[in-house]
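So the structure is just underneath, and the comments pick up after that.
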Amino acid sequence: MSTYSYRIVNVFTQGDDPFSGNPLCVFESAESLDTPRMQALARQFNLSETTFMLPSTRANARVRIFTPSYEMPFAGHPTLGTAHVCRALGLAGDTLTLEMQAGLIPVHATQRRWTLQANAPSWREVREPRAMLAAMLGIDEHEIGERPLWVKAGREQLIVPLSNEAAVRRARPRPDLLAQLASDDGASMAYIFAPMGRRLLARFFFPQGPAVIEDPATGSATANLGGWCLAMGRTLPCEFEISQGEYAGRPSTLLLRVDVERRILVSGDVIELGRGAITL
């Protein structure tokens, strides 16, 4: 039998609130765990993602990311949370690189605020009519904003701008319609956003069985929002402070910057909540 140490961290927190942000379980040393065991552990913890750190010849660590149901090539809050643990273990300082299925992801920190640089994005048009998107989201058709797109800056997701904050708050996605829209890897998910004063209000949905689940803080979708800004020809640099998670009971703050070199940078605060070990 072997013992595996893990840490629980919260990513994209609001200040010192220990119950804000998106929780993550990070296994510190997973060389002897096979894929089925990793998947079983992710299902055991039942968080949106669990990560497993492995040695890398190309980066400070190799990282595998699992939801309770499947492995992911990239996700934002697992990247920042795992980087935080990597530094805490003395494997790197404030600047490091993580090797993921999606590629090498540069990450750096100023104290507990971590920033990742996403991959260069690609995008494609949405074939479905606006009326279907509106029905899927449970809003009026005229509340769909300019040019919804499929965007991929690590993992492809549907990015849907809405015309106003009220529409974001009122959205009630239908799981049957959401499941009909699939990304390039066959997943169904939608990220909606609208201006809220000087900030953006965002929500992220994905189907799970007969229900729709709302994610409290989605770094990969924030990176894809940066790709959307590039697709729309927004003036650079552009920066946004994004509020997410209010309706998931986990208020979160995410920071997005697209610089003049067209780099997409996603930032957020990380705090460690606890540690433990499992013997298998």
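Label sites at Ile213 and Ala277, each approximated as a point 7 angstrom past Cα along Cα to Cβ, lie 3.0 nm apart. Extending 7 Å from Cα along the Cβ direction at Ala166 and again at Asp34 yields two label points whose distance is 5.7 nm.
Might you tell me the accessible area per residue for the chain, computed with a 1.4 Å probe and given in Å²?
On the way: 11610 Å² over 280 residues.
Per residue, the chain has 41 Å² of solvent-accessible surface.
Could you pull out the GluC sites (Glu not before Pro) across region 186-262 that fall in loop regions by DSSP (anything but H, G, I, E, B) with no more than 14 other Cβ atoms inside 10 Å? Don't jump to the answer; show the numbers that get you there.
Values: sites: Glu214, Glu239, Glu241, Glu246, Glu261; in loops: Glu261.
Those that pass, being in a loop and sparsely packed, are Glu261.
With Cβ to Cβ distances under 15 Å as the rule, what net charge do the other residues near Pro216 carry (K, R +1; D, E -1)? Spelling it out: positives minus negatives among the neighbours equals -4. The helix-only estimate of mean residue ellipticity at 222 nm for the chain, built from DSSP H runs of length n ≥ 4 each weighted as -39500 (n - 2.57), is -5500 deg cm²/dmol after division by the residue total. Expressed as a whole percent, the proportion of Cα-Cα pairs in region 1-110 lying more than 23 Å apart is 21%. The equivalent ellipsoid of region 193-263 has semi-axes of 24, 14, 9 Å, largest first, where each one is the square root of 5 times an eigenvalue of the Cα gyration tensor. Relative to the dominant Cα principal axis of the chain, helix 35-45 is inclined by about 70°.
I need the Kirkwood Rh of region 96-139: take the reciprocal of the average 1/r across all distinct C-alpha pairs and report it in angstrom. Can you show the working numbers first?
Details: mean 1/r = 0.0717 Å⁻¹.
Kirkwood radius, region 96-139: 13.9 Å.
Give me the Kirkwood hydrodynamic radius of region 83-193, using the inverse of the mean 1/r over all pairs of distinct Cα atoms, in Å to one decimal.
Working: mean 1/r = 0.0620 Å⁻¹.
Every distinct Cα pair counted, the radius reaches 16.1 Å.
So for region 2-43, what percent of the C-alpha to C-alpha distances run longer than 11 Å? Roughly 69 percent, rounded to a whole number. Relative to the current alpha-carbon distance between Arg199 and Thr235, full extension at 0.36 nm per residue lengthens the span by 11.2 nm. Helix 219-231 axis versus longest C-alpha principal axis of the chain: approximately 40°, rounded to the nearest ten.
Quick one: pull the percent of accessible area on region 144-231 belonging to carbon and sulfur, 1.4 Å probe, ligands and nucleic acids left out.
Details: 1530 of 2880 Å².
That fraction is 53 percent.
Within region 144-253, list the trypsin sites (Lys or Arg not before Pro) lying in a DSSP loop whose Cβ has at most 15 other Cβ atoms in a 10 Å radius.
Values: sites: Lys152, Arg155, Arg169, Arg170, Arg198, Arg199, Arg203, Arg234; in loops: Arg155, Arg198, Arg234.
Loop-located and lightly packed - Arg198, Arg234.
Tally up the carbon and sulfur contribution to the accessible surface of region 1-115 as a whole percent, 1.4 Å probe, everything protein left in place. Taking all protein chains in place, region 1-115 shows 47 percent carbon and sulfur surface. Radius of gyration over Kirkwood radius for the chain, both on Cα atoms: the Rg/Rh ratio is 0.96. Relative contact order for the chain: 22 percent, from Cα pairs under 8 Å spaced at least 6 residues apart, divided by residue count. Solvent-accessible surface of protein heavy atoms, probed at 1.4 angstrom with all chains present, puts Tyr191, Tyr6 in the order Tyr6, Tyr191, largest first. Taking a Cβ cut-off of under 9 Å around Asn10, the surrounding Lys, Arg, Asp and Glu residues balance to a net charge of -2, with basic ones at +1 and acidic ones at -1.
I'd like to compare 118-128, 9-19: which one has the highest average count of other Cβ atoms within 10 Å, and what's the full order after that?
On the way: 118-128: 16.0, 9-19: 19.4.
Averaged packing, sorted descending, gives the order 9-19, 118-128.
The values are calculated or read from the model by the stated rules, or taken from the named source; none is laboratory data. This is a predicted model, so every value here is computed, not measured. Glycine gets a Cβ as well: all are built from the backbone with ideal geometry, and neighbour counts include every protein chain shown. The area values use the complete protein model at the heavy-atom level, side chains included, leaving out ligands, DNA and RNA. Shrake-Rupley method; radii C 1.70, N 1.55, O 1.52, S 1.80 Å.
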